[in-house]
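Undergrad: Handing you this structure, nothing more for now.
The values are calculated or read from the model by the stated rules, or taken from the named source; none is laboratory data. For clarity, every value in this text was computed on a predicted model and none was experimentally measured. Neighbour counts are summed over all protein chains in view; Cβ atoms, including those assigned to glycine, are modelled from backbone coordinates with ideal geometry.
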Amino acid sequence: MDYRDFLKSKKFFAPSCGFDVSAEEIHNSLFPFQRDIVLWALRKGKAAIFAGTGLGKTLMQLEWAKHICRLSGDNVLILAPLAVSRQTVREGEKIGVEVNLCRSQNDIVHGINIANYEILHKFDPASFAGIVLDESSILKSFSGATRNEIISAFRSTPYRLACTATPAPNDHMELGNHSEFLGAMSRSEMLANFFVHDGGDTGKWRLKRHGITRFWEWVASWAVMLQKPSDLGYDDNGFILPPLNIHHVVVDSGLSYIDRLLLENSMDLQARRRARQDTVEQRVDKCAEVIGTSDDSWLVWCGLNKESSELARRIDGAIEVKGSDDNEYKEKSLLAFANGQVKRLVTKPSIAGFGMNLQVCHKVIFVGLSDSFEEFYQAIRRCYRFGQRYPVDVYVITADIEGPVVDNIRRKEDEFNKMLSGMVAATQEITKINLGIGNTKTEDYRQDVAKGNGWTIYLGDCVEVIRTIPDESVHYSIFSPPFASLYTYTDSERDMGNCKDQDHFLEHFRYLVGELYRVIKPGRLVSFHCMDIPAMKERDGYIGLKDFPGDLIRLFEQVGFIYHSRVVIWKDPLIEATRTKALGLMHKQIVKDSAMCRQGLPDYLITMRKPGSNEEAIAHPNGFTDFIGEDEPKISKRNVEYSHHVWRRYASPVWMDINQSNTLQRTSARDEADEKHICPLQLDVIERALELWTNPGDVVLSPFAGIGSEGYVSIQKGRQFIGIELKESYWWQAVANLRVAKRQAGQMTLLDLMEDSAHV
């Protein structure tokens, strides 16, 4: 593949597999933003609509399903929460779309069919060309097995649509459910590409700082996000919500101040449930008092069976919908409330908190809270949604000992609001482009070059820059490549660290290795610094190690290089265990099960040789001029130049004397978004390699120059240097470090002084 084409293939965009439909074919009752979203979703074929409550997701999904049926000539199934199905049937009637309500595969008719999530097992997924998940965020409310069943059941369905208002209220990773359902990327692939975990806690993942932009570009390739039409540049007319008033009502538990304080400080999940059970009577009394003789419709949310039965008994005219009720009764009761035939409804968010349109009501009561912000948010949004004409009053009744629960919900609400606004802001410009109402984004890529006497360092893509270097003009190359996706320094597709897995990295790296073979002189060497890479359960499916050095050796061999040598660079396993908290290095693992224990991970310096005869011998007539070790005989410097003690250290397969902290200063080059650390190669290693495998005046190349470590040592050892670096902040630091090396080596010329003055 041409390199430019390969870079395009690295952009994580979900491919389109749908149909192009003209705007005139969309029902004229849809608002412009709804029409454009439907057109985009039809073109994608597999898409998600994350739109605020009341923005017309039902109409959009019905219009999408209508055209999928027409163009594919096959059936579409909509899965919806209980009681939402009949509302969807009525919404379809408004735009002339017939929706068939069904209970099993035997009820299926040609066209659009709708059923509840709970009865998915009664249908044959293979019989549908399209599937719609209404209120798709309900996926995470199901057990892992059920969620996986839904995803697996429609893995081969050609056309898929997921619709919800809150795809991930507290966790970006919840987007993985939707990505996997739509076939955009599996959860493990998403983790490998965009997420990282800190320290030894492999259960907590966060977005890579350099991966944020790429992550949202990818999300926007299969999902559209908006909370109101103006988020995407449309008119908000008709979509402005009335005020939302939340009233916190605290009832007395009857406990003393000290007892309350002690209970609050030890408020684990079990204690919270007990506190809620012990105050049912007080909270039910307060709820009945708040409702009083009001003529308004009241929606009463509860979480315990005892709360539900007591509320139904104490509130005049209330109907109770319980989990144990049959589906027919639930559906009939919920629709009666939605139609205004019933003025008091008592139920749980887990039963009716998703999907229902209950704008008939603007008085809501929570008789206690659980720790689920998702339930709280969705339950409020049944009434507080576009189309609501009155201010919505929400009463939250809790006992005085439930402060930690309330605080937890408030914290999650704050996180949700920040995250949702961030999600919309991050995707809105990209989404505008996808919808055809924005300007195309251009690549943010800059090239430059800095030169001095005996050195040149390029800012740019190493694969493209190395192509400008003449054939067989480099004597030696030494570098530390990106360790697959372990470290990420930029958000560019040109960054080899931006890869979905090790194979993807090697595919990109091969473009460079081929060019290295071209520019290296026959019989001369290339050395690269690397290590084994830990495999993680969440990302890779197992705990272990990946043979990254072996993969690199095999890749170089495929291009034509000969495997020349490998040296182990010793590192302290205690330091590694403290830094990484790796399971295999923890002392407690010896006690628990030492079958999972392993050794620490050393560094390797692996050297490959280009076939052919070396026309310029690398001779050492004076031996090596290394320092005298403490355990060596006290002999004169002249004898050290010919010392076998020095050669034994150099020829050893394990270098025990490398100072891990002897690296170039890196603080000024580090970007706030950098993950992990810069990983500069130790100066001891570079110096030893240059003394072994180069002559003074030789040209040394580093395609991953970083902050200039290889160039710094090359200049001090009297070699010429060519470096290439993609990240601009590192490049500037490398330029500064090379000038420092020139001054320290006492090799400054008038040209160098002029260069220094120009860059002050």
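Undergrad: Limited to region 1-53, what total is found for residues that are part of a loop (DSSP other than H, G, I, E, B) and either under 27 Å from the mean Cα position of the chain (by Cα) or under 22 Å from residue 154 (Cα atoms) (or both)?
TA: Within region 1-53, the first condition is being part of a loop (DSSP other than H, G, I, E, B), and the residues that meet it are 1-2, 11-22, 26-31, 45, 52-53.
In the following step, the residues that additionally are either under 27 Å from the mean Cα position of the chain (by Cα) or under 22 Å from residue 154 (Cα atoms) (or both) were identified as 11-19, 45, 52-53.
Qualifying residue count, region 1-53: 12.
Undergrad: Kindly evaluate residue 328 against the criterion of being acidic (Asp, Glu) and buried (at least 21 other Cβ atoms within 10 Å of the Cβ). Spell out the reasoning first.
TA: On the way: acidic (Asp, Glu): yes; buried (at least 21 other Cβ atoms within 10 Å of the Cβ): no.
So residue 328 does not fit the description; no.
Undergrad: Here's something else I'd like to know. How about region 519-558: which of its residues are of a type in the set (A, V, I, L, M, F, W, C) and touching an Asp or Glu at 6+ places or on another chain (Cβ under 8 Å)?
TA: Hits for region 519-558 are 519, 520, 530, 531, 545, 548.
Undergrad: Residues 92, 96: which one is modelled with pLDDT of 90 or more and in a helix (DSSP H, G or I)?
TA: Just a single option satisfies the conditions, and that option is 92.
Undergrad: Against the definition (surrounded by fewer than 16 Cβ atoms within 10 Å (Cβ to Cβ), in a loop (DSSP other than H, G, I, E, B) and hydroxyl-bearing (Ser, Thr, Tyr)), how does residue 542 come out, yes or no? Steps first, please.
TA: Values: surrounded by fewer than 16 Cβ atoms within 10 Å (Cβ to Cβ): yes; in a loop (DSSP other than H, G, I, E, B): yes; hydroxyl-bearing (Ser, Thr, Tyr): yes.
In short, yes.
Undergrad: Specify the residue that is surrounded by the most Cβ atoms within 10 Å (Cβ to Cβ); the eligible residues are those in region 462-480 that are part of a loop (DSSP other than H, G, I, E, B) and at pLDDT 95 or above. If you could, list the steps in order and put the result at the bottom.
TA: Within region 462-480, the first condition is being part of a loop (DSSP other than H, G, I, E, B), and the residues that meet it are 467-473, 480.
With at pLDDT 95 or above added as a condition, the list becomes 467-473.
Values: 467: 13, 468: 10, 469: 20, 470: 8, 471: 9, 472: 15, 473: 13.
Applying the filter and picking the extreme gives 469.
Table: residues versus (1) at pLDDT 90 or above; (2) over 40 Å from the mean Cα position of the chain (by Cα).
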| position | (1), (2) |
| --- | --- |
| 216 | no, no |
| 222 | yes, no |
| 242 | yes, no |
| 255 | no, yes |
| 268 | no, no |
| 291 | yes, yes |
| 296 | yes, yes |
| 314 | yes, yes |
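Undergrad: Still on this structure, please answer the following. Select from region 327-382 the residues that are at pLDDT 90 or above and hydroxyl-bearing (Ser, Thr, Tyr) and list them in ascending order.
TA: 329, 333, 347
Undergrad: What about residue 135, is it surrounded by fewer than 14 Cβ atoms within 10 Å (Cβ to Cβ), in contact with a strand residue (DSSP E or B) (Cβ under 8 Å, 6 or more places away or on another chain), closer than 21 Å to residue 68 by Cβ and not small (Gly, Ala, Ser)?
TA: Numbers: surrounded by fewer than 14 Cβ atoms within 10 Å (Cβ to Cβ): no; in contact with a strand residue (DSSP E or B) (Cβ under 8 Å, 6 or more places away or on another chain): yes; closer than 21 Å to residue 68 by Cβ: yes; not small (Gly, Ala, Ser): yes.
So residue 135 fails the test.
Undergrad: Additional query: Inspect all residues belonging to region 630-643 and state whether any of them is surrounded by 16 or more Cβ atoms within 10 Å (Cβ to Cβ), hydroxyl-bearing (Ser, Thr, Tyr), at pLDDT below 85 and more than 30 Å from residue 510 (Cα to Cα). Don't jump to the end; show me each part of the working.
TA: Pass one, region 630-643, residues surrounded by 16 or more Cβ atoms within 10 Å (Cβ to Cβ): 640, 643.
From what is left, the residues that are hydroxyl-bearing (Ser, Thr, Tyr) are 643.
Restricting the remaining residues to those that are at pLDDT below 85 gives 643.
Cutting the leftovers down to more than 30 Å from residue 510 (Cα to Cα) gives us 643.
Yes: region 630-643 contains one or more residues that are surrounded by 16 or more Cβ atoms within 10 Å (Cβ to Cβ), hydroxyl-bearing (Ser, Thr, Tyr), at pLDDT below 85 and more than 30 Å from residue 510 (Cα to Cα).
Undergrad: Please go through region 552-604 and pick out each residue that is over 27 Å from residue 650 (Cβ atoms) and either aromatic (Phe, Trp, Tyr) or under 29 Å from the mean Cα position of the chain (by Cα) (or both).
TA: Once the filter is applied, which keeps residues that are over 27 Å from residue 650 (Cβ atoms) and either aromatic (Phe, Trp, Tyr) or under 29 Å from the mean Cα position of the chain (by Cα) (or both), region 552-604 yields 577, 578, 579, 580, 581, 582, 583, 584, 585, 586, 596.
Undergrad: When you scan region 596-625, how many residues do you find that are modelled with pLDDT of 90 or more and of a type in the set (Gly, Ala, Ser)?
TA: The qualifying residues number 3.
Undergrad: Say we look at region 383-416 and pick out the residues that are touching an Asp or Glu at 6+ places or on another chain (Cβ under 7 Å) and farther than 20 Å from residue 348 by Cβ; which of these is modelled with the highest pLDDT?
TA: Looking at the filtered set, the residue picked out is 400.
Undergrad: Can you name every one of the strands (runs of 3 or more DSSP E) wholly within region 319-430 that holds 1 or more residues which are more than 33 Å from the chain's Cα centre (by Cα) and among the aromatic types (Phe, Trp, Tyr)?
TA: Numbers: elements: 344-347, 363-367, 392-399.
So the answer is 363-367, 392-399.
Undergrad: Of the residues 85, 127, which single one is more than 22 Å from residue 164 (Cβ to Cβ) and within 34 Å of the chain's Cα centre (by Cα)?
TA: Numbers: 85 fails: more than 22 Å from residue 164 (Cβ to Cβ).
The conditions single out 127.
Undergrad: For region 672-682, check the following and say yes or no: at least one residue is among the aliphatic types (A, V, I, L, M), assigned by TED's automatic domain parsing to the domain that holds residue 701 and modelled with pLDDT of 85 or more. Please lay out each step first, then the result.
TA: In the first step, residues of region 672-682 are kept if they are among the aliphatic types (A, V, I, L, M); the result is 673, 678, 681.
Then keep just the ones that are assigned by TED's automatic domain parsing to the domain that holds residue 701; that gives 673, 678, 681.
Filter once more, so that each one left must be modelled with pLDDT of 85 or more: 681.
Within region 672-682, one or more residues are among the aliphatic types (A, V, I, L, M), assigned by TED's automatic domain parsing to the domain that holds residue 701 and modelled with pLDDT of 85 or more.
Undergrad: Ok, one more. Tally time: how many residues in region 92-114 are surrounded by 17 or more Cβ atoms within 10 Å (Cβ to Cβ) and either charged (D, E, K, R) or under 22 Å from residue 321 (Cβ atoms) (or both)? Explain how you work it out, then say what you get.
TA: Initially, region 92-114 is screened for residues surrounded by 17 or more Cβ atoms within 10 Å (Cβ to Cβ), giving 92, 97, 99-100, 102, 108, 112-114.
Going one step further and asking which of them are either charged (D, E, K, R) or under 22 Å from residue 321 (Cβ atoms) (or both), we end up with 114.
So the count comes out to 1.
Undergrad: Among the residues of region 137-149, is any without any contact (Cβ under 8 Å) to a residue 12 or more places away in the chain and not in a helix (DSSP H, G or I)?
TA: So far as region 137-149 goes, yes, one or more of its residues are without any contact (Cβ under 8 Å) to a residue 12 or more places away in the chain and not in a helix (DSSP H, G or I).
Undergrad: Restricting to region 546-556, and then to whatever is part of a helix (DSSP H, G or I) and in contact (Cβ under 8 Å) with a residue 40 or more places away in the chain, can you tell me which residue is surrounded by the most Cβ atoms within 10 Å (Cβ to Cβ)?
TA: Within region 546-556, the first condition is being part of a helix (DSSP H, G or I), and the residues that meet it are 548-556.
Retained after the next criterion (residues that are in contact (Cβ under 8 Å) with a residue 40 or more places away in the chain): 548-549, 551-553, 555-556.
Values: 548: 20, 549: 19, 551: 18, 552: 20, 553: 20, 555: 18, 556: 25.
Here the answer is 556.
Undergrad: Here is a check on your reading of the model: is residue 727 more than 26 Å from residue 515 (Cβ to Cβ) and of a type in the set (Lys, Arg)? Please lay out each step first, then the result.
TA: Values: more than 26 Å from residue 515 (Cβ to Cβ): no; of a type in the set (Lys, Arg): yes.
Taking the combined requirement at face value, the residue does not satisfy it.
Undergrad: Identify all residues within region 512-539 that are of a type in the set (A, V, I, L, M), over 28 Å from residue 1 (Cβ atoms) and not in a strand (DSSP E or B); write none if there are none.
TA: If the condition is that a residue be of a type in the set (A, V, I, L, M), over 28 Å from residue 1 (Cβ atoms) and not in a strand (DSSP E or B), then 531, 536 are the ones that fit.
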